[in-house]
Amino acid sequence: MKRIRHFLSTLEGRLTGLFILTSSVIFIANVMLFSSLNSAMNQIDQVFSSNVQIIQVQTYLNDIQAELTSYLNTNSSAALQKVYQSESRYSTALSEIRILSNDSNIQADLENIRNLSDGYLTLCQEMLSAKRGRNVQRYRENYDHATDYCSYLQSYLYSLNQLQLQSNSTNYVTLRQSFAALEGFSIFILVMVTVLNLVICFLTIRTSMAPMRDLAAEAGEIGKGNLDVPALPVPSVDEIGVVTTAFNEMVVSMRGYLQKLRESMELENQMKERELLMDAHLKEAQLKYLQAQINPHFLFNTLNAGAQLAMMEDAKSTYRYLQNVAAFFRSKTNRDEQITSLADEIRLVDSYMYIINVRFSGSIRYEKNIDEDLVHVTMPSMTLQPIVENAVNHGIRDIDWPAVITLSVYRTGNSITISVRDNGVGMEEQQMQEILSGEAHPRKKGDETNGVGLANVVNRLQLFYEQRDVFDITSAGPGKGTEVLLFLPMPDQTSPEQT
C-alpha cells in the first residue's frame, strides 16, 4: 500500500491513474450501452419470428399434401419416406411456434390449428394404412378428408399469420420508438462521458503543468541574463517538485558563482594592472640600464685626437671636428629620450664616422644607400652607432686592405631593413649564434668600444618591438666581412611604444 500511495503521489502515477480512470469509465459506459442496444435488437428480431414460424408450418403442410399425392400416384417407398419426413418437420415446426400475444383470437386460432393438425395427421396415417392394405375406397375417402383438413389448416394458418402480423407491427413500432430513444440516450451518455473525461484530463494536466510553465518562464529570464528572479514555490513532492527544488538551488548556486567570478575577475584585473605597471617599469629600467653603458675611455681618446688635430691643422678643421664630437656626445648623453627616429640615428652614425675617420686619417670609406621615405620611422635610440662601432673595432680595424663600411636602408615586404656591412675579418658561426641568442660578453681590457655591443642592441630591440626576429648576422666566413641586419616593422605595424 505504501508503494501504491507513493506511486500515485508522483506525476507519472497521477497521469497513469487518470488514464486508467477515464479509460475505465468509457469502457463501462460502452459495455452498458452495447448491452442495451443488443437487447433491443434481439426484441426487434423476435417480433417477426412467430410470423416466420407460421409461414414455415404452412410450407411443411403443403409438402405433406404434395408428398401424399405423389405416393398415391407412384406407390413408391421413396415417396412414402418423404411423406414421413414432411410430417416430422411439420410436427416439429408446429410445436416450436411461440406467440407472446395475449389476444384471444390469436390464441383460439392457434388452438384450432393444433387440433386440426392432430386430426389431419391421423387421417394421413389411416390413408397410408389403407393404401398399403390396397383398400382403394377407404384411402380415397381419407385422402379427400385430409385435403379438406389441409384447406382448413391453411385458412387458419393464414388468419393466424395476419393477426400475428398486425400485433407484431404494433410491437415493432413501439420497439423502434424505444430503440430510437435508447440510441439518443446512448449518444448523450457517450458525449457526457467524453466531455467529463476531457474536463478531468484538462484540469489534471493544467494543475500538473502549471509549475512547469512557471519554471520555463523563469528559465527564460535566466537565459536573458536576469538572475534576480524569486524562488519558485515547490507544489508537491513529485518529479516536478524535485525539478523545481533543483532549479531554485541552481539559481542560488549561479548567483554565488557569478559573484565569485566577478570578484575573481576584479582581482585578476588588479593583478594584471600591477603586472603591466611592473613590466613597464622593468622595461624602462632595462632600457635605461642598457643605454647607460657608455665607456668613458672612448671619450678621452677622442678628445686627445682633437687636441692633436688642433696642433697639426688650422682652426677650421679643428672647429669642424669638435663640432661633430659635440653633436655625437650630445646625442649619447641625452638619457631622457628613449625613442628616436631613424634619421637621427643615421646622423649620429655620420658624426661617428667623421670622428673615426679623423683618428684613422680617412682610411675608412663610408658609403650610404638610404631610402629617404623610410627614415621617419621610430626606433630605440643608440641602436645603429654601436653596430657601426662594432664593425670598426672588430671588423676592419686591423685589416691590410682598404676598409669599407656600407649603411643601407630599404624596404622588404612589410619590414624596413637596415644593413650595416663591412669588408673586414668576418665572424665564426659560433660567435654569430652567441650574439643572436643575446648572450653578452664582458668587455676586454683596453677595448675602446662604448660598452653597448651587439648583444645589448639585440636585447633592446626585442624589448622595444616585443618580438624575437628583429636582428640577424651573416658572414661568408673569416676574411670575408660581416653584415648586420635589423628588421623594423612598418609604422602601421609598430607597437604602441613607437607611436
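The values are calculated or read from the model by the stated rules, or taken from the named source; none is laboratory data. Please read these numbers as outputs of a predicted model, since none were measured by experiment. Methodologically, a virtual Cβ is constructed for each residue, glycine included, from the backbone with ideal geometry; neighbour enumeration extends over all protein chains shown. In case anyone asks, the SASA skips ligands and DNA or RNA and just uses the protein heavy atoms, side chains included. Shrake-Rupley method; radii C 1.70, N 1.55, O 1.52, S 1.80 Å.
Data for the structure
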{"item": "Size of charge dipole - the range 78-133 - debye, nearest 20, with Cβ of Lys, Arg +1 and Asp, Glu -1, no other charges", "result": "360 debye"}
{"item": "Segment residue 463-residue 400, extension gain: residue separation times 0.36 nm, minus the distance between their alpha carbons", "result": "18.8 nm"}
{"item": "With DNA, RNA and ligands ignored, accessible area of residue 132 (1.4 Å probe; Å², nearest 10)", "result": "120 Å²"}
{"item": "Residue-span extension gain [residue 231 to residue 243] - 0.36 nm each, minus C-alpha spacing", "result": "3.1 nm"}
{"item": "For residue 370, residues with placed amide H under 5 Å, excluding near neighbours", "result": "409"}
{"item": "The range 371-422 - Rg over Rh from alpha carbon coordinates, Kirkwood radius", "result": "1.05"}
{"item": "Whole-number D in µm² s⁻¹ for the range 57-138, Kirkwood Cα-pair radius fed into Stokes-Einstein, 20 °C, 1.002 mPa s", "result": "155 µm²/s"}
{"item": "Residue 340 accessible area, assembled protein chains, probe 1.4 Å, Å²", "result": "20 Å²"}
{"item": "Residue-normalised accessible area of the range 68-167, expressed per residue, 1.4 Å probe, Å²", "result": "57 Å²"}
{"item": "Label-reachable residues, the range 54-92, where backbone N falls under 15 Å from a point 7 Å from residue 136's Cα toward its Cβ", "result": "72-75"}
{"item": "Exposure of residue 472 as accessible area (Å², to 10), given a probe of 1.4 Å and all protein chains", "result": "50 Å²"}
{"item": "Distant-in-sequence amide H partners of residue 365 (H built 1.01 Å from N, under 5 Å)", "result": "403, 404, 405"}
{"item": "Value of Rg to Rh for the range 99-166 (Rh from inverse mean 1/r over Cα pairs, i.e. Kirkwood)", "result": "1.16"}
{"item": "98, 421, ranked by accessible area, largest first (probe 1.4 Å)", "result": "98, 421"}
{"item": "Furthest towards positive pole of dipole, 157, 125, 187, structure part the range 124-229, Cβ charges", "result": "125"}
{"item": "Amide H contacts of residue 339 (H built 1.01 Å from N, under 5 Å, at least 5 apart or other chain)", "result": "381"}
{"item": "³J(HN,Hα), Karplus 6.51/-1.76/1.60, whole Hz, each residue of the range 395-412, x for Gly, Pro", "result": "x, 10, 5, 10, 8, 9, 10, x, 8, 9, 10, 10, 10, 10, 9, 8, 9, 10"}
